[in-house]
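J.: One structure, pasted below without further comment.
Values in this text are rule-based calculations from the coordinates and carry no lab data. Treat the numbers as computed from the prediction; the structure is a model and nothing was measured. A quick note on method: Cβ atoms are made from the backbone with ideal geometry, for glycine too, and the neighbour counts reach across all protein chains shown.
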Amino acid sequence: IAGITQAPTSQILAAGRRMTLRCTQDMRHNAMYWYRQDLGLGLRLIHYSNTAGTTGKGEVPDGYSVSRANTDDFPLTLASAVPSQTSVYFCASSATNRAFLAGDHNEQFFGPGTRLTVL
Amino acid sequence: KNQVEQSPQSLIILEGKNCTLQCNYTVSPFSNLRWYKQDTGRGPVSLTIMTFSENTKSNGRYTATLDADTKQSSLHITASQLSDSASYICVVSAAETGANNLFFGTGTRLTVIP
């Protein structure tokens, strides 16, 4: 593995079903994020984790849950999918989440995305 | 309200031509501004980053400028190539902790035609 990977690449899901999107990074980054990208809206933060064992809510967390049992993995779960969750989901990671520190530009590295369709 | 606005929404240019993409923001307090390139079906990849004291940064044929007084940035692409076809996203970071310190523009979709 080099960088950050996501699985599956795409998925079609019936409404009401449970789905877990997987994300793994091998850069030993402390912070990880989940975004959704919808046409005309740009990237919106769903959940984040500043370090293993901690998680937080982003801009659009409803209907989603995350866990961070270790540094490398950050799965996103849809407990009961709805059509409005049709989107492209991106996982990202960064060394830290302290953007304002001099020399720490907090670059986020993004995975290739998961295209999810909920019918 | 912290916002990032990009223009134009989309742009079509001929191969070999130059173009300039715009980003205006109201994010405060400001930490840094980053331009990302997102190829179709891929995740965004960072092109440049600028902090408050920097007003220009180049990466090959990409040159970003920043005017922190007017809160404007531009991304200039020189001698465009077909591979430049992508969405370009402006991301502004606020100088505070927490994951919600990043503000994303909706992107400019650039198409370079032969």
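J.: Calculate, in nm to one decimal, what A:A52 and A:T5 gain on full extension: separation in residues at 0.36 nm each, minus their alpha carbon distance.
T.: 15.2 nm
J.: Right, something else. Which distance in nm do the two modelled labels at B:S28 and B:I113 give, with both placed 7 Å along the Cα-to-Cβ direction?
T.: Roughly 4.3 nm, to one decimal.
J.: About the Cα centre of chain A, how large is the charge dipole given +1 on each Lys and Arg Cβ and -1 on each Asp and Glu Cβ? Please answer in debye to the nearest 20. Can you show the working numbers first?
T.: Values: 10 positive and 8 negative charges, 57 e Å.
Dipole of chain A, to the nearest 20 debye: 280 debye.
J.: I've got another one for you. Starting from the alpha-carbon convex hull of the protein assembly as shown, give the projected area averaged over all orientations, in nm². Don't skip to the end; give the middle numbers.
T.: Working: hull surface 50.1 nm².
If I average the Cα hull's projected area over directions, I get 12.5 nm².
J.: Shielding by partners for A:33-41, please: the mean number of other protein chain Cβ atoms within 10 Å of each residue's Cβ. Provide the component values of the computation, followed by the final result.
T.: Values: counts 2, 0, 4, 0, 8, 1, 1, 3, 2.
For peptide A:33-41, the averaged partner shielding equals 2.
J.: Sticking with this one: Hey, if you drop one equal point scatterer on each alpha-carbon of chain B and run the Debye formula without solvent, what base-10 log of I(q)/I(0) do you get at q = 0.21 Å⁻¹?
T.: One equal scatterer on each Cα of chain B leads to -1.12.
J.: Continuing with this model, one more query. Starting from the Cα-Cα distance between B:N55 and B:T20, subtract it from 0.36 nm times their residue separation and give me the gain in nm to one decimal.
T.: This chain segment gains 11.0 nm when fully extended.
J.: Highest first, please rank the peptides A:49-62, B:18-31, A:83-96 by the mean number of other Cβ atoms sitting within 10 Å of their residues.
T.: A:83-96, B:18-31, A:49-62
J.: Let me ask another. List the relative contact order of chain B as a percent without decimals, with contacts defined as Cα pairs under 8 Å and 6+ residues apart.
T.: 37
J.: Averaged over A:82-93, how many beta carbons belonging to a partner chain fall within 10 Å of each residue's beta carbon?
T.: Average neighbour count from other chains, rounded to a whole number: 1.
J.: Something else: If you take the alpha carbon radius of gyration of chain A and divide it by 2.2 N^0.38 Å, what ratio comes out, to two decimals?
T.: Cα-based Rg divided by the globular estimate yields 1.02.
J.: Given a Förster distance of 25 angstrom, what is the FRET efficiency for A:S67 paired with A:R115, based on the Cβ-Cβ distance and rounded to 0.05?
T.: Efficiency, from the Cβ-Cβ distance: 0.65.
J.: Taking Cβ-Cβ under 4.7 Å as the only way to count a partner, pick out the unpartnered cysteines of the protein assembly as shown.
T.: B:C19
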